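Worksheet: the structure to be examined is printed underneath.
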């Protein structure tokens, strides 16, 4: 399948999605999950590491409850890719990439969580809302970002929509825009992580019901601190 520029630029509401954006599925996940109060052993220990206020565990983490080792892997990847002290790309922009990729994948769960985090980090509600409007419209040019940041969204869009068509020139465009190779790796890894997270959510019927929207690991200095705040 060839990369479709018309699809990539279309508003989320107009893309060829099997369900309308406002159609809500059941709040129950499609597989069994184990709640915090019923967890024992390794699962209980992992839940305690990722809890937010009131022992709240994000539903995306609870999706892993029948295989705690996969939750451990997911959380380590998430923390190291998006919330690590050695990242040099600003966290608000990494969150922007996450919301952008999630929008391209029609993952409302990840959009809700990560836009809330993005807005908190940006500390400019008007700019954040303008950015959300551009993302929803699929319009990179309208996003209140500089040319360097817009180039990163262009890269992430192609990687998400048509990964089989990626070429070395796509990385060269990022360099030309001002990103160094370490930063390009961060952009790639965040884009790839959200492809994984979106498919976890969409493939298992994960909803935001009961979640505290926008919590995230706040302690970048300790990669092993998974607590959400």
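The values are calculated or read from the model by the stated rules, or taken from the named source; none is laboratory data. Everything numeric here is computed off the predicted structure, so don't read it as measured data. All Cβ positions, even for glycine, are placed from backbone atoms using ideal geometry, and neighbour counts span all protein chains on display.
Structure above, values below:
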| quantity | calculated |
| --- | --- |
| Number of the condition not met by residue 120 [criteria: (1) in contact (Cβ under 8 Å) with a residue 40 or more places away in the chain; (2) outside any helix (DSSP H, G or I)] | (2) |
| Among (1) within 19 Å of the chain's Cα centre (by Cα); (2) at pLDDT below 95 - the single one residue 95 does not satisfy | (2) |
| Verdict on residue 52 being in contact with a strand residue (DSSP E or B) (Cβ under 6 Å, 6 or more places away or on another chain) and either at pLDDT 95 or above or more than 30 Å from residue 154 (Cβ to Cβ) (or both) | yes |
| Subset of region 138-150 (residues that are assigned to a helix (DSSP H, G or I) and under 18 Å from the mean Cα position of the chain (by Cα)) | 140, 149, 150 |
| Qualifying residue in region 69-86 (condition: at pLDDT 95 or above, out of contact with any strand residue (DSSP E or B) (no Cβ under 8 Å at 6 or more places or on another chain), in a loop (DSSP other than H, G, I, E, B) and closer than 27 Å to residue 188 by Cα) | yes |
| Test result for residue 226, at pLDDT below 95, more than 16 Å from the chain's Cα centre (by Cα), farther than 14 Å from residue 105 by Cα and buried (at least 17 other Cβ atoms within 10 Å of the Cβ) | yes |
